[in-house]
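Shown next, in structure tokens, is the structure this report addresses.
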Amino acid sequence: MQPLSRLASVLALSAAALLSFAAQADDPRYNQVALRAEVSQEIAHDLMHVTLYSEAQHSDPAALAAQITRTLNDAVKQARGAEGVSVALGSRHSYPVYDDKNQQITAWRERAELRLESASFATLSKLTGEMLKTLKMGGMDFSIATPTRKQHEDTLLKDAVAAFRSRAQLATEALGGSGYKLISLNLSSGGFQPPMPMRMAKGMAMMDAAATPEIEAGTSQVTVNADGVIEVLMP
């Protein structure tokens, strides 16, 4: 009988705890205010991205693929020789070319991309100019490196909390409260980082190894939001 008695005691305590929790959950909360604070900063782009591509046409698809592969292999070897430049293969696809009546395949066309990335704009700009002798320009844009973004977000996070506390105090004073309790607080980061087209003095078509083009990388706005709920304490 003793084990049954202990079990009954445990069940009784559990039931009491559940009833207490339910009572607390049903307790009304008054003077709760939802607040939002936002801080942002313009951050200079410190990463440069370039997409180059090789495109050709041939009646023999195997010969075409071999030609594109040789061009890409040479380009990858050249790019790997540049210090501080990351190299990656992009998309590659081929498609048939039909005759005027769109009935018979007369040839095959293939396109393959090479993607380059570097924090050294001068190095990548010069390399790109040299590689345009054998490849074509697919695009160029800029972004914020992950360590840079994290560093600024950490600073903005502190500013967002301070801004939230300031708003909480203003709301408390506006309601005539003597203080407030923090019910919840959610911190989130974001920011719009659009692709930044390359700007050059002489235009992209004149980009070559003889001169390094003037590049304006631009900026992106990094934002940290503080969303929370406070309960204003009335005197």
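Numbers for the structure displayed
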{"read-out": "Tabulated pairs, the stretch 224-235, first in contact (Cβ under 8 Å) with a residue 60 or more places away in the chain and in the same structural domain as G179 (by TED's automatic domain parsing), second among the acidic types (D, E) and surrounded by 18 or more Cβ atoms within 10 Å (Cβ to Cβ), C-beta under 7 angstrom, 6+ apart or interchain", "value": "V224/E153"}
{"read-out": "Helices (runs of 4 or more DSSP H) wholly inside the stretch 59-174 containing at least 3 residues that are at positive phi", "value": "none"}
{"read-out": "Residue within the stretch 155-164 that is in contact with a strand residue (DSSP E or B) (Cβ under 9 Å, 6 or more places away or on another chain), charged (D, E, K, R) and closer than 17 Å to V229 by Cα present", "value": "no"}
{"read-out": "Hits in the stretch 37-76 (condition: more than 28 Å from T146 (Cβ to Cβ) and of a type in the set (D, E, K, R))", "value": "E55, D60, R70, D74"}
{"read-out": "Search result, residues across the stretch 62-72 that are of a type outside the set (A, V, I, L, M, F, W, C) and either more than 30 Å from T123 (Cα to Cα) or surrounded by 15 or more Cβ atoms within 10 Å (Cβ to Cβ) (or both)", "value": "Q67, T71"}
{"read-out": "Residue among S5, S59, S14, S9 that is surrounded by 11 or more Cβ atoms within 10 Å (Cβ to Cβ) and either at pLDDT below 95 or within 28 Å of the chain's Cα centre (by Cα) (or both)", "value": "S59"}
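One line per residue, one yes/no per condition, for (1) surrounded by fewer than 17 Cβ atoms within 10 Å (Cβ to Cβ); (2) not acidic (D, E):
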{"site": "R111", "(1), (2)": "no, yes"}
{"site": "L114", "(1), (2)": "no, yes"}
{"site": "A119", "(1), (2)": "yes, yes"}
{"site": "F142", "(1), (2)": "no, yes"}
{"site": "T148", "(1), (2)": "no, yes"}
{"site": "E153", "(1), (2)": "no, no"}
{"site": "L156", "(1), (2)": "no, yes"}
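The values are calculated or read from the model by the stated rules, or taken from the named source; none is laboratory data. Please read these numbers as outputs of a predicted model, since none were measured by experiment. Cβ coordinates were reconstructed from backbone atoms using ideal geometry, including for glycine residues, and neighbour counts include every protein chain displayed.
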